[in-house]
1. Between C:TYR197 and residues 5 or more places away or on another chain, which pairs have amide H atoms under 5 Å apart, with H built 1.01 Å from N, and which residues are they?
2. Amide H neighbours of D:LYS235 under 5 Å, counting only residues 5+ apart in sequence or on other chains, H built in-plane at 1.01 Å?
3. Please give me the summed charge of the neighbours of B:LYS335: other residues whose Cβ is under 15 Å from its Cβ, Lys and Arg +1, Asp and Glu -1.
4. In whole Hz, with x marking every Gly and Pro, tabulate ³J(HN,Hα) for region C:244-255 from phi via Karplus 6.51 cos²θ - 1.76 cosθ + 1.60, θ = phi - 60°.
5. For peptide C:52-63, how many partner chain Cβ atoms fall within 10 Å of a residue's Cβ, on average?
6. Counting other C-beta atoms within 10 Å, which of C:TYR167, B:TYR302, B:TYR147 has the fewest, and how do the rest follow?
7. Where does each of A:244-250, D:307-313, D:154-160 land if you order them by average Cβ count within 10 Å, highest first?
8. Can you give the net charge of the other residues whose Cβ lies under 12 Å from the Cβ of B:ARG223, counting K and R as +1 and D and E as -1?
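Computed from the coordinates by the stated procedures, all read-outs in this text should not be read as laboratory data. Keep in mind that what you see is a predicted model, and the values were worked out from it rather than measured. Using ideal geometry, Cβ is built from the backbone for each residue, glycine included, and neighbour counts are taken over all protein chains shown.
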Number of protein chains: 4
Amino acid sequence: MYSFKNDYSEGAHPRILNALLESNLVQDEGYGEDQFSREAIELLKGIIGRTDVDIHLLSGGTQTNLTAISAFLRPHEAAIAANTGHILGHETGAIEATGHKILSIDVDDGKLTPSAIQTTLELHTDEHMVKPKLVYISNSTEIGTIYNKKELEQLNEYCKLKNLLLYMDGARLGSALCSEESDLTLNEISSLVDAFYIGGTKNGALLGEALVICSDILKEDFRYHIKQKGGLLAKGRVLGIQFLELFRDNLFFELALHANKMADMLRDALITENYTFLTHAPTNQIFPIFPNAIINELQRKYAFHIWEKIDENNSAIRLVTSWATKEEAVIAFTKDIKQ
Amino acid sequence: MYSFKNDYSEGAHPRILNALLESNLVQDEGYGEDQFSREAIELLKGIIGRTDVDIHLLSGGTQTNLTAISAFLRPHEAAIAANTGHILGHETGAIEATGHKILSIDVDDGKLTPSAIQTTLELHTDEHMVKPKLVYISNSTEIGTIYNKKELEQLNEYCKLKNLLLYMDGARLGSALCSEESDLTLNEISSLVDAFYIGGTKNGALLGEALVICSDILKEDFRYHIKQKGGLLAKGRVLGIQFLELFRDNLFFELALHANKMADMLRDALITENYTFLTHAPTNQIFPIFPNAIINELQRKYAFHIWEKIDENNSAIRLVTSWATKEEAVIAFTKDIKQ
Amino acid sequence: MYSFKNDYSEGAHPRILNALLESNLVQDEGYGEDQFSREAIELLKGIIGRTDVDIHLLSGGTQTNLTAISAFLRPHEAAIAANTGHILGHETGAIEATGHKILSIDVDDGKLTPSAIQTTLELHTDEHMVKPKLVYISNSTEIGTIYNKKELEQLNEYCKLKNLLLYMDGARLGSALCSEESDLTLNEISSLVDAFYIGGTKNGALLGEALVICSDILKEDFRYHIKQKGGLLAKGRVLGIQFLELFRDNLFFELALHANKMADMLRDALITENYTFLTHAPTNQIFPIFPNAIINELQRKYAFHIWEKIDENNSAIRLVTSWATKEEAVIAFTKDIKQ
Amino acid sequence: MYSFKNDYSEGAHPRILNALLESNLVQDEGYGEDQFSREAIELLKGIIGRTDVDIHLLSGGTQTNLTAISAFLRPHEAAIAANTGHILGHETGAIEATGHKILSIDVDDGKLTPSAIQTTLELHTDEHMVKPKLVYISNSTEIGTIYNKKELEQLNEYCKLKNLLLYMDGARLGSALCSEESDLTLNEISSLVDAFYIGGTKNGALLGEALVICSDILKEDFRYHIKQKGGLLAKGRVLGIQFLELFRDNLFFELALHANKMADMLRDALITENYTFLTHAPTNQIFPIFPNAIINELQRKYAFHIWEKIDENNSAIRLVTSWATKEEAVIAFTKDIKQ
């Protein structure tokens, strides 16, 4: 049984474990004030090409989202998210637990646009309703789609005009940036959003996300929020060492490229066999539609999520590849598909 | 410069990193539903000698405290803590951020007693005040002291009588249990408190605490709370693998014994030199009182916290030992003290 | 300019002010422990026909909803509401501010049904999502519709089956119960829901809602929650005196009957003129659809809300009547409609 | 039995009820947008002598405190209060329920000073602790003492220096300002604090407090917070009409003067009889110390709170006077004391 269930089915890339081993007995400060974390942050600033951003290393995606969003909003302000947004339906009300409503917008491709947001703004006109303030987007999205530069520029422009904050969940940012269809760089993202994070957990780390705060107004006292929400690891070095290894010579991007290449192979094979897809997903998650009989057959040899019922006889499944996905497994899967 | 600053200055015990390496490429479920976490939990139940407790693996102490306490209390209920309690002054209002007041009780030794709690209960008589509901204790405490069996039995009896929950923060439970002065076992603790946690981070793990919920009434839906508060790691296996290694053959206790032995050596040497201590601390934290001139001298070669000013000329410092503390360093320190 | 904007445009029914005057200089206890509040609560129990319910007097609808719902739910539990539910879009995120998500269900008539709820339950299957726990319904609804006995029995049965709490917002319960189409009594409601409130503010009081807690499990310590959320008035007598006056001889129902009669007159006149309505609303709120030109004309003499755009040329407006609505004004309006 | 228990034992001053009666059938807007509320606010601005403050009318003290403090603070920021502060021990954790810790400072007279605050600031040095941000003071305090101009200027200066907000709870501000020992005006207060409220409930209104926001930075979107916390009354006019009546010709101050005069009579009589007091309280609350035997005797004819045990044989009681206190009752009490 080989799993295409998600991109966190294995441990960490061996180089990361090795880096943990090598630094293991060095004594250093706790709570992210160690040299490794500091170096990782400086390194990331260099890679982003910005010395004026603040970077914090946190343990996971939900932790990062809830810490950032609750720190950025005042009590009456709400987040806006696409109906597929991870914070909306898959984080157990973590944002609401910090006091903030999330306004959902129905879209087909997991992506928000100025006009979709505008509709929501128009419905929120006075103090009897929450005040929409933060636009939450994911890149890649929860259904594998990505934002291109023009789309992000339009969102940036609109948010500035409407005094909204733009926040990007980058749990799978590596795969998004390394997609053949992407025309965005980390530097461009940093100038188009108010804050975003670079996901480590789903791209080769044991755990860890790097939150990049781009707008000055959001930077103050941020470490207080991390501590208050339980995200300040005593051995913060564990995050620093991993990000240092991921970014000191492009490992992060190599791992994302591998994940994408494996997804490309799967996608190409499926297209050849005339299968269709639920979404246009040029990243490490693809959502092919299969007859249920074939799904049953595939489940004997592969683990994956059944994503959505299409009709009585067909369903979309989700196949996720990662840095650890073996080419042999992909080849085997494509062969099985042909039969 | 050798550091006695805390017990999380290094990475993890090498066997733990090795365990992570060996299991690294095994594919498994996410979010703590992997085989390693399951095995670790079963193993812990065996060691505690209770099949009827629920165990959850979380990432850190503040995360565990805030998740558990907010899950256990209704909105109007408060926690009670000693004035030194970690949740009171060193977690950035994490408990209050979930909506609950902490009532502080002044004590000298970091430990709560029925009579101290009684005084607080008597002040909270009606609905204009919060309702005291959960008694938070630490073992070992933040100032190195420990609860013995009789003290814990008295607390248990009193809490039952008053319908209070008893919760033990076990960030340094290993050191407490392995103290020569301790007469408590994990099994006894599990029958005397409603919930407690076994700290991994400060006893050899990269990160990780094992929360043990003993009272049935507190068990329901607990994983929802972990997820909502951001503590459910995608690669939950990281915690499972570590606890499996810590407990499969007593490594956890060996590491705590080493830490305590190092502290014993320091303590004995200081007693021999007629130094006094701020607290009676038979664990891996000791608080000797030194003339400021000697502190200045020591700071040239050792890192440690200055804990409290005693008078114009003397201060208490905190020396913390750990699984990683080197005997040579301890010997060097004791030699320096003699001079 | 005569206002049909809402049912809180005037002060209180004169008898209520008179009752406040008559009792004014009597000295009594604060915070709802006065004799008036106690008597009002006993009186209400008699009218409901239940001595085993708990009743609390609160200042307003949002206050009551947020206090009750936050008291009833654990942190990970969510409320379910129709898309028109007042708590969802018109209380500035008051429920979310206490930490709880509201799950919205799209319906046409403002009313929830077991099958609509079932769809939501099926989507919430594990700890990565909130746990649906409380079903929020309004009677009458925000768009003037009402629940009949059979519908409420079905909801009750379903909620019991699924271990859900059923909560009825009764801001306009007087009008609902006095509707010609209603077949429900207060006694029946008290046995079909877990908690509900009887709205005073929109039916003749200066302010005040009577929350009735029917299920034993929700009763404990409720006054703590009122105080904590700021709803425990120092001069709680103000609420007690009003409810005493409203219920000592059926004034509450007479006022609702008057409001409904005024709405009936408006509705009948509009039907005669062949106007249609947005909803089937047999209560004190009606939603006729008019050509925009006529709306413009009406706005010269009457105040009301434009509720919803129907198409380019037509809109639905909301007309609300109350205990204070003058028959002359209604007659004048109907005459104007005929022209 | 005559009650000196508190200043909210009766209804409202008759002129206030009369004002409610006279305006009763005027139709107006809801939620505080009515002409009465607007006029009351303009009137108050004139009396304060400031057109640049924002004023909001809320229903009660706890509601006002929790709405204001939660609106003013970011999640990691804490309030500072004297150990007697109302928010600390008598509002059921209302502030903590919005997520904020209150740091308590032990003082003898209910009043904070720069040096007392400084001690707390020095203990809160980094992100592992909450960040002290808002200084909560009461005037008069919970034990009847008042701030003079110089003390308030010193607090203002210190708070500005330390970037702290200064907030004054004015539940009994009328009595404080009308004390013979007070040298403060509303105008001066408005320039020395960032926000304060003028209490109506304890000075002749049925309910109602006027929150005055003096600092621009705290003004934005405040009505959202009132609504979210349940404090925006549908019939906001009830508050507007009362404040209009209280301030259109000094009724507010006359009522406070009466309350103070009654307390003065009690105090003078007690001094003549050589009784001592727990605090120096020149307002409408006094705390004489009596032998327990005398207290028992007094309790047969008068209602009051026993405030604090002084020793085995003596206790301090609290006597509260108000706008409604009858001179005959005071004279009777003083006579009884002489015997």
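1. Distant-sequence amide H within range of C:TYR197: C:MET168, C:GLY170, C:VAL212.
2. Counting only residues 5 or more places away or on other chains, the set is D:TYR31.
3. On the way: positive: B:ARG300, B:LYS301, B:LYS326, B:LYS338; negative: B:ASP268, B:GLU273, B:GLU297, B:GLU327, B:GLU328, B:ASP336.
With Lys, Arg at +1 and Asp, Glu at -1, the net is -2.
4. 4, 5, 5, 10, 6, 8, 6, 3, 3, 6, 4, 5
5. Working: counts 0, 0, 0, 0, 0, 0, 1, 8, 7, 3, 10, 7.
Mean inter-chain Cβ contacts per residue within 10 Å come to 3.
6. Numbers: C:TYR167 28, B:TYR302 19, B:TYR147 25.
Result, fewest neighbours first: B:TYR302, B:TYR147, C:TYR167.
7. Details: A:244-250: 19.1, D:307-313: 11.9, D:154-160: 17.6.
Packing order, densest peptide first, comes out as A:244-250, D:154-160, D:307-313.
8. On the way: positive: B:LYS219, B:LYS227, B:LYS229, C:LYS131; negative: B:GLU33, B:ASP54, B:GLU220, B:ASP221, C:ASP126, C:GLU127.
Surrounding charge for B:ARG223 is -2.
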